[in-house]
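Engineer: The structure's right below; bear with me while I get my questions together.
Read the figures in this text as sums done on the coordinates, not as results from a lab. Please read all numbers here as calculations on a predicted model, not as lab measurements. We place every Cβ from the backbone using ideal geometry, glycine too, and count neighbours over all the protein chains shown.
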Amino acid sequence: MQARKGAEPEYDYAGEINALWAAVRELQQMVKPPAEEDEAWPEFVQPTHAGTAYQVGDKVTFQGERYVCVLAHCVWSPADYPAGWEKQA
């Protein structure tokens with residue numbers, strides 16, 4: 001749309017929205033995510049009964065390394081039964 005002589009130019013909504021989104025992205029990069037990363041990889045605890053056995057997909061940290069359980073009802077550590085665990089990079 002062409003502005004008439006002496007009329008105010010139209011407001012740049014698209015530019016304002018883009019500026020707001022740029023500010024949001026900048027803030028998102030500054031905010032540290034919750035400590036879910038560490039919580040998702042708890043330290044291995046030796047199961048004491050069937051109710052505490054590890055299940056397929058469970059994640060643990062064992063001797064500083066991260067592992068995912070690949071064996072249902074696993075009661076062994078990654079050192080005791082490596083086939084029950086998949087080491088993560």
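Engineer: Net charge around residue 63, counting only other residues with Cβ within less than 13 Å of its Cβ (Lys, Arg = +1; Asp, Glu = -1)?
Structural biologist: Once positives and negatives cancel, what remains is -1.
Engineer: Hey, another quick one. Within 13 Å, Cβ to Cβ, of residue 74, how many net charges do the neighbouring residues add up to if Lys/Arg are +1 and Asp/Glu are -1?
Structural biologist: Every neighbour counted, the sum reads -2.
Engineer: Which order do the peptides 69-77, 13-21, 81-89 take when ranked by the mean count of other beta-carbon atoms within 10 Å per residue, highest first?
Structural biologist: Answer by packing, highest mean first, reads 69-77, 81-89, 13-21.
Engineer: Around residue 58, which amide H atoms from residues at least 5 apart in sequence, or from another chain, sit under 5 Å from its own amide H, with H modelled in the peptide plane?
Structural biologist: 69
Engineer: So if R0 is 25 Å, what FRET efficiency would residue 25 and residue 61 give, r being the distance between their Cβ atoms, rounded to the nearest 0.05?
Structural biologist: 0.20
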